[in-house]
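> Attaching a single structure in structure tokens format; questions to follow.
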Amino acid sequence: MAAHHFEVVRSGDCALRVAVQGDGPLVLMVHGWPESWYSWRHQMEPIARAGYTAAAIDVRGYGGSDRPHPVEAYAMAHMVGDLQAVADQLGGGRAILIGHDWGAPIVWNSALVDPRRFTAVAGLSIPHMGRGKEPFISLAKKLFTDQGRFFYMAYFQDEGPAEAECEADVRGALRRIYYSISGDAPDGSWPMNKKHGDPLLLGLVDPDPFPGWMTPADLDYFVGEFERSGFRGPFNRYRNFERDFAWSEPFKDRQIEQPALFISGTRDMGTRMGGPDWDSRMKLQYRDLRGVHMLDGCGHWTQQERPQEVNRLLLDWLSGL
């Protein structure tokens, strides 16, 4: 079938680049940090062949999308608005959503607040746990930084240091980040004994060779995207916890009502951050959760590490909608 092409979608003052392949109901895929539309490269053609328009967005701040400077431009309200704009332009006002890492909270929240546009939703790696009693960053600071311990999201809060560290050696930074929380990395590859004030990359291993699920050409693509876009936009998403918490107040008691799916790996640090009972608490947030699938030995980069298994689960779920 024809390869993907790129479309440009306007969302307010922001232009968004979207990779598109196939024809049919819109399946919109949303990546996380630090990734790109390209993290869905293994899903595009199988979903298109199944009779859908497969679309993978460059989230604002990444790749070929615009990179507004203000922190507040990356609030969840704008992220939801971006998906609404894509659904309207490419899907006739409707879309099925799939998100990974930060893309998962973005699609969970989009489905929560706009069930008319977003008819079904799947999340990878990060479960939907509801609103909570305080912004997540406040809790993280109590558990980590107030105790003198390093926590990466707290490190990202100050504008500048994280950007400078990662942009000094984009390839080295990405290699270390991707490997350290993959299923191939041994326990302890994401160090837990760092002190508050330590840099992000301290203690992260640069593997040689890199695991086969990311080829040299794949890494080259990601490196090129971040050398072009920088890291400010990606880090700005982490600087909106308080703003997002206030925005979500009207929806605090609402469940996701659309058909939903969750996929993660047994070695995914992001999922385990939800606590030992994350799965039972997650299930309370849905009316129609049609599967919770944990891939044995899979790390954080779910759809890249295990594309065949993820594609099978996604296509089975899509066929039942």
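The values are calculated or read from the model by the stated rules, or taken from the named source; none is laboratory data. From a predicted model like this one, the values you see are computed outputs, not experimental measurements. Note: ideal-geometry Cβ built from the backbone for every residue, glycine included; neighbour counts use all protein chains shown.
> Restricted to segment 32-47, and to residues that are in contact (Cβ under 8 Å) with a residue 40 or more places away in the chain and touching a strand residue (DSSP E or B) at 6+ places or on another chain (Cβ under 6 Å), which residue is nearest to TYR62 (Cα to Cα)?
Of the residues in segment 32-47, the ones in contact (Cβ under 8 Å) with a residue 40 or more places away in the chain are 32-36, 38-47.
When the remaining residues are screened for being touching a strand residue (DSSP E or B) at 6+ places or on another chain (Cβ under 6 Å), the result is 32, 40, 44, 47.
Numbers: GLY32: 10, TRP40: 14, MET44: 19, ILE47: 23 Å.
Result: GLY32.
> Separate question: Name every residue in segment 229-258 that is among the acidic types (Asp, Glu), outside any helix (DSSP H, G or I) and in contact (Cβ under 8 Å) with a residue 24 or more places away in the chain, in order of residue number. Write out each step before concluding.
Pass one, segment 229-258, residues among the acidic types (Asp, Glu): 242, 244, 249, 253, 257.
Filter once more, so that each one left must be outside any helix (DSSP H, G or I): 253, 257.
Residue satisfying the conditions is GLU257 alone.
> Of all residues in segment 285-321 being among the aliphatic types (A, V, I, L, M) and part of a helix (DSSP H, G or I), which is surrounded by the most Cβ atoms within 10 Å (Cβ to Cβ)? Steps first, answer last, please.
First, the residues of segment 285-321 that are among the aliphatic types (A, V, I, L, M): 289, 292, 294-295, 310, 313-315, 318, 321.
Retained after the next criterion (residues that are part of a helix (DSSP H, G or I)): 310, 313-315, 318.
Values: VAL310: 26, LEU313: 19, LEU314: 23, LEU315: 16, LEU318: 20.
Looking at the filtered set, the residue picked out is VAL310.
> Let me ask you something else. Name the one entry in TYR179, TYR221 that is among the hydroxyl-bearing types (Ser, Thr, Tyr), part of a helix (DSSP H, G or I), closer than 29 Å to HIS293 by Cβ and out of contact with any Pro (no Cβ under 8 Å at 6 or more places or on another chain). Break it down into steps so the answer makes sense when it comes.
On the way: TYR179 fails: out of contact with any Pro (no Cβ under 8 Å at 6 or more places or on another chain).
Just a single option satisfies the conditions, and that option is TYR221.
> Can you tell me which residue is modelled with the lowest pLDDT among those in segment 195-229 that are of a type in the set (Asp, Glu) and farther than 21 Å from GLY265 by Cβ? So that I can check it myself, show each step before the final result.
If we filter segment 195-229 for residues that are of a type in the set (Asp, Glu), which is where we start, we get 198, 206, 208, 218, 220, 225, 227.
From the residues that got through so far, the ones that are farther than 21 Å from GLY265 by Cβ too are 198, 206, 208, 220, 225, 227.
On the way: ASP198: 97, ASP206: 94, ASP208: 86, ASP220: 98, GLU225: 98, GLU227: 98.
If we take residues in segment 195-229 being of a type in the set (Asp, Glu) and farther than 21 Å from GLY265 by Cβ, then ASP208 is modelled with the lowest pLDDT.
> Continuing with this model, one more query. Would you point out which residue out of ALA87, ALA55 is hydrophobic (A, V, I, L, M, F, W, C), within 16 Å of the chain's Cα centre (by Cα) and within 25 Å of TYR238 (Cα to Cα)? Spell out how you get there, then give the answer.
Working: ALA87 fails: within 16 Å of the chain's Cα centre (by Cα).
None of the other options fit; the residue is ALA55.
> Moving on to the next point. For ALA140, which of the numbered conditions (1) modelled with pLDDT under 95; (2) in contact with a His (Cβ under 7 Å, 6 or more places away or on another chain) fails to hold?
The single condition ALA140 does not satisfy is (2).
> Sticking with this one: Pick from MET192, MET153: which is surrounded by fewer than 18 Cβ atoms within 10 Å (Cβ to Cβ), under 19 Å from the mean Cα position of the chain (by Cα) and either at pLDDT 95 or above or not in a helix (DSSP H, G or I) (or both)? It would help to see each step written out before you state the result.
Values: MET192 fails: under 19 Å from the mean Cα position of the chain (by Cα).
From the options MET192, MET153, the qualifying one is MET153.
> Moving on. With the requirement that a residue be in contact (Cβ under 8 Å) with a residue 60 or more places away in the chain and in a strand (DSSP E or B), what does segment 1-25 give you? Let's see the steps before the verdict.
Narrowing segment 1-25 to residues in contact (Cβ under 8 Å) with a residue 60 or more places away in the chain: 7, 9-12, 14, 16, 18, 20, 25.
Answer for segment 1-25, where residues must be in contact (Cβ under 8 Å) with a residue 60 or more places away in the chain and in a strand (DSSP E or B): GLU7, VAL9, ARG10, SER11, CYS14, LEU16, VAL18, VAL20.
> Collect the residues in segment 266-284 that are among the hydroxyl-bearing types (Ser, Thr, Tyr), assigned to a helix (DSSP H, G or I) and within 22 Å of TRP33 (Cα to Cα), keeping them in residue-number order. Reasoning before the result, please.
Let us first name the residues in segment 266-284 that are among the hydroxyl-bearing types (Ser, Thr, Tyr), namely 266, 271, 280.
Right, trim to assigned to a helix (DSSP H, G or I) and you get 271, 280.
Passing the criteria: only THR271.
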